[in-house]
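What follows is a single structure, written as structure tokens, with notes after it.
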Amino acid sequence: VYLLFQALRQISQRTISTAARRQVENRVPEHQKLFQEDNGLPVHLKGGAKDALLYRATMGITVFGTAYAIYYLIISSMPKQQK
């Protein structure tokens, strides 16, 4: 059991210590410049076409859900007809 534990410890140390460290480029200044630009767009649409598509989809789902909920509230409030 001790040998197994020792082997696992060596493997984990070797994996962690020899892992290649990837340098990540700092893109914060680019994003700050993009989002602070005064171009008349709201901040949630400054990301481009993808943001516009997500915004429209969210608004569409919200409007549909609200209409659906109101429809079922109206249907539920009406008494059922007796046969």
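The table for this structure:
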{"item": "For segment 2-10, Karplus couplings with θ = phi - 60° (6.51, -1.76, 1.60), whole Hz, Gly/Pro x", "result": "5, 5, 5, 4, 4, 5, 5, 5, 5"}
{"item": "Accessible area of the chain belonging to carbon and sulfur atoms, whole % at 1.4 Å probe", "result": "63"}
{"item": "With DNA, RNA and ligands ignored, accessible area of LYS46 (1.4 Å probe; Å², nearest 10)", "result": "30"}
{"item": "Estimated distance in nm for a label pair at ILE74 and GLN32, the labels positioned 7 Å out from Cα along Cα-to-Cβ", "result": "5.2"}
{"item": "Mean-position separation - Cα centroids, segment 26-54 and segment 58-80, in angstrom", "result": "34"}
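The values are calculated or read from the model by the stated rules, or taken from the named source; none is laboratory data. Since this is a predicted model, take the numbers as computed values, not measurements. Cβ atoms come from the backbone with ideal geometry, glycine included; neighbour counts cover every protein chain shown. For the accessible areas, the whole protein counts, side chains as well, though only heavy atoms, and no ligand, DNA or RNA atoms are used. Shrake-Rupley method; radii C 1.70, N 1.55, O 1.52, S 1.80 Å.
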